[in-house]
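Report on the following structure.
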Amino acid sequence: MQIAINVRVCEILSHICSAKRLKAICTRAGRYSKTNLNHNFQYNNLIIIIYAFMHSGYTFFTSMNVCIYIYTVGTESIQTPLNFSLFFCKIWEICGFRIHGQNVPFEAVVLDKSTGEGVIRAKDKLDCELQKEHTFTIQAYDCGEGPDGGNMKKSHKATVHIQVNDMNEYSPVFKEKSYKATVIEGKKYDSILKVEAVDADCSFQFSQICSYEIVTPDVPFTIDKDGNIKNTEKLNYSKERMYKLTVTSYDCGKNRASEDVLVKINIKPTCKPSWQGFNKRIEYEPGTGSLALFPSMHLETCEEPITSIQVSIMLETNHIGKGCDRDTYSEKSLHKLCGASAGTVELLPTPSNSANWTVGLPTDNGHDSDQVFEFNGTQAIKVPEGVVSTTLKEPFTISVWMRHGPGGREKETILCNSDKTEMNRHHYSLYVHNCRLVLLLRQEPTESENYKPAEFHWKLDQVCDKEWHHYVLNIEFPAVTLFVDGATFEPFLVTEDYPLHASKIETQLTIGACWQGGSALMTQYFRGNLAGLMIRSGKLENKKVIDCLYTCKEGLDVQLPEEVASAVKVEFNPNQSSLTLEGDDIESFEKVMQHISYLNSRQFPTPGIRHLRVTTTVKCFNEETCISVPDSEGYVMVLQPEEPKISLSGIDHFARGAAEFESTEGVTLFPELRIVSTITREVEVEVEAETEAGVQETVVSEEIMHNLDTCEVTVVGDELNGDHESLEVDLAQIQQRALEMSSSNVGMVITGVNTMANYEQVLHLIRYRNWHTEALFDRKFKLVCSELNGRYISNEFKVEVNVIHTANPMDHANNAMVQPQFINQVQHASVDLSGHNLANMHQASVVPSAATIVIVVCVSFLVFMIILGVFRIRAAHQGTLRDQENGKENEMDWDDSALTITVNPMETYEDQHSSEEEGDEEEEDSEDGEEEDDITSAESDSSEDEGGEQEDQQGSSRQQQLEWDDSTY
């Protein structure tokens, strides 16, 4: 690098004084030569030259240097005469330049001493990246006077600025080895992250990054010239959870980055405040106790600070039974289980032989035998006389389960007691009117004809919400208390009326409508569902029993850990179908949530879905940005319980003497009855075989214990004639076991929730009596037991009893003390021997004693002939076997000279002899048993034949074993 330098040196030879104004122009000659200048040294010409100098600034000449001093006197006008002196400058040579500064990488070199031209050049290669600019001072000096250069003159110092030009020798480099970012799905960002590269070049042109580029193809991202990466479309977490991008950069000289950089962008699901870790389907296996509903549940708040939280958990069970899972025993049995006193009358019983007035009503048997009756506005029933006392004795209680929706403006009667004929007076009734529950209670005639409370009105939302509710009315005139689902309600309106006038008209009790005796028709029909309608006269129902009747067998439960018990407040509703939690510490709150469980205490719960809803409300420090937690929904699936199989077994066919039937004790129908309940389940059994091993499913039957609630004995065939026959049982024994018995001309029904063992004991006591057995030869009965109001029903156990007639009945007066003569022990009650009637051939007369003797003689002779035939067959068969053995000995001769066989013949013989003696003893026993039987059937003949064949086979085997070749011994 070289820089041209021009230096002018002028030596002033004269000093100008008293000049009013001085302009000194030092020029470098160039336009006029010396000759021309001398030649033009005339006044006028000089004036022109000076004029040119003054108006053109510094004019440079090339041939010589002059110093012109101009004296201006007076004005500055150009026409003013000037006094001047002109001197020639002596020209000196430039010998060198001196650079001032530290570590200056330059040097100055003289090119022309006369003109003072020179160059500045770099000592070494310059690096713009190390130092972009250089600044220093330079000074010229002449060669001095004389040969030694003495009296050397120096110029003034000049400042030199040098800027180093750049070359594009470096490529861009990223500041980070890799970049990471996390974004939320479903959102478009202006900038997700920024990558940045640098270039080591020093110039602005080559050190700037002009562009970035995403090398990875087909990605929903773009990058701008500043390195900002953003998404071009909304990202989906389910589609892609992380993107990996390769990014490069370019400087303004089009150099690409030496190494590309990796960018990872993680996609995060949209942060929605909600409960996490909640399984929507929760399976509950019956009999397993409590099941945790939210074992791993936690609340996602999206980092929003929360001051308090409130959660409501709702278990929807309205579609199960009457609002939830309860025991489906009869309402009367449930009252007794809950501790209610005796005297409760069930007005809507399950249809049976003894209570058949509900037969015509439609029932809903879709809820595991939960007895529900439907009234569609056209149906009603009359309760038979005698079921309920004509005049209720105060105090009394009315209870009912009801499901009713919004109706019309007409009255809808649930229960009504009105005049049977002539008039339409309502003595008492319970009805619904405009979503109000009304009890009408007219007082009976009294001496005083004063107004008395007659109608009690309750305005209730429950009456018209189409849900099941339990209503209990405790009536102790003039006070009436209503319980709805266990909660107490007072009437909002009580109207008065006169007592009824005295009359002798009978009353009619109806359900589902009210009987109008004057017009002989039903009115005020009910539309809805009813169940468990009960009247209890003479005593009020206490709160404990009412709560027990309404309490569900399923619900929510929570076991609070000790460390968080005080931090969270928990409240349940009466039937435990919902609970509310309140607290301010999320961690404690989550621990409580994880301990909430579902519990169903029924042995055989109703299977199906129970919907579950979690509603959450939170409060934040900043109410404007407070989060909203959506409801969480799921369901509990109660699996199908293993259904029990109730089996009845025992003696199903026997005969007794006529005297026993006519005695006061009668004949016991089920002396050896057994009630067994079993369940069948599949279990996995490990199988180890020679070839392979594995797990195989096998069916296993297990006996279980549970209660029964009904056993019904029914006559098969003609109904019982009360004049000469009956079914009887010891009532004291029934009452002792808290059971009840009802009987009719078709049989007997034993009801009450009790164990199978107690039912067995009671059924053993049932006796059949008949006072006139002359024309009776057999009687058949059927026994069926059930559990949970008919949900599980046993097999039909049929018993046939035959009557043995004798010529002298008095000889058999003590047959009740004799062991049964004809017993057929059967383990499976499904076997029906009804066709086996011992007296079918003699239904018109009694069998005489002579015929009995003939039968015994014939049987004895037949037995003798059979035995004789068996022995003859055995003898012939043994002879044949001996001949065959002899033939075999001849055919199987071989050279046994080299053989030595030692045999203990007595050992085999003794074993065979002992087995032969045992077979003879069994044969004798069977023969003795046959001789003792009074009646012979086809079964005895077949057994004799089978016994004979077995004896023949045993004899032949003994014969073969006791024969051997003893020639060598």
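The packing ranking, built from the mean of other Cβ atoms within 10 Å per residue, places the peptides 279-292, 492-505, 574-587 in the order 574-587, 279-292, 492-505, highest first. For the residues H470, H772, a 1.4 Å probe over the protein chains yields an accessible-area ranking, largest first, of H772, H470. Compared with the direct C-alpha span, the chain from N573 to S537 gains 9.8 nm at full extension, assuming 0.36 nm per residue.
Applying the criteria of a DSSP loop state and at most 12 other Cβ atoms within 10 Å to the GluC sites (Glu not before Pro) of region 212-251 yields E233. Check the straight Cα-Cα distances from K254 and name the lysines below 23 Å, setting aside those fewer than 8 residues away within the same chain. Reachable lysines: K132, K175, K177, K194, K225. The 3J(HN,Hα) values that the Karplus relation (6.51, -1.76, 1.60; θ = phi - 60°) gives for region 858-864 are, in residue order, 4, 5, 4, 5, 5, 5, 4 Hz. Gly and Pro appear as x.
From most to least packed by mean Cβ count within 10 Å, the peptides 122-130, 427-435 give 427-435, 122-130.
Can you compute the FRET efficiency between H611 and K268 using 1/(1 + (r/R0)^6), with r the Cβ-Cβ distance and R0 = 35 Å? Round to the nearest 0.05. That pair, H611 with K268, gives E of 0.65. Highest average first, the peptides 630-636, 398-404 ordered by how many other beta carbon atoms sit within 10 Å of their residues are 398-404, 630-636. Excluding same-chain neighbours fewer than eight residues apart, the lysines reachable from K782 by a Cα-Cα span under 16 Å are K798. Between E563 and A775, the simple spin-label model (points 7 angstrom out along Cα→Cβ) gives 8.7 nm.
For E374 and N236, the FRET efficiency from 1/(1 + (r/R0)^6), where r spans their Cβ atoms and R0 equals 45 Å, is about 0.30. Computed over protein heavy atoms with a 1.4 angstrom probe, the accessible surface ordering of S274, S171, largest first, is S171, S274.
Give the calculated FRET efficiency between V699 and N795 to the nearest 0.05, with a Förster radius of 22 Å applied to their Cβ-Cβ distance.
0.70
Surface listing: R442, R791 arranged by accessible area from highest to lowest gives R442, R791, probe 1.4 Å. Taking 26 Å as the straight-line reach from the Cα of K504, the lysines in range (excluding those fewer than 8 positions away in the same chain) are K382, K393, K420, K452.
The values are calculated or read from the model by the stated rules, or taken from the named source; none is laboratory data. Note that the structure is predicted; figures quoted are calculated from it, not measured. Note: ideal-geometry Cβ built from the backbone for every residue, glycine included; neighbour counts use all protein chains shown. Areas reflect the complete protein model, heavy atoms only, side chains present, ligands, DNA and RNA absent. Shrake-Rupley method; radii C 1.70, N 1.55, O 1.52, S 1.80 Å.
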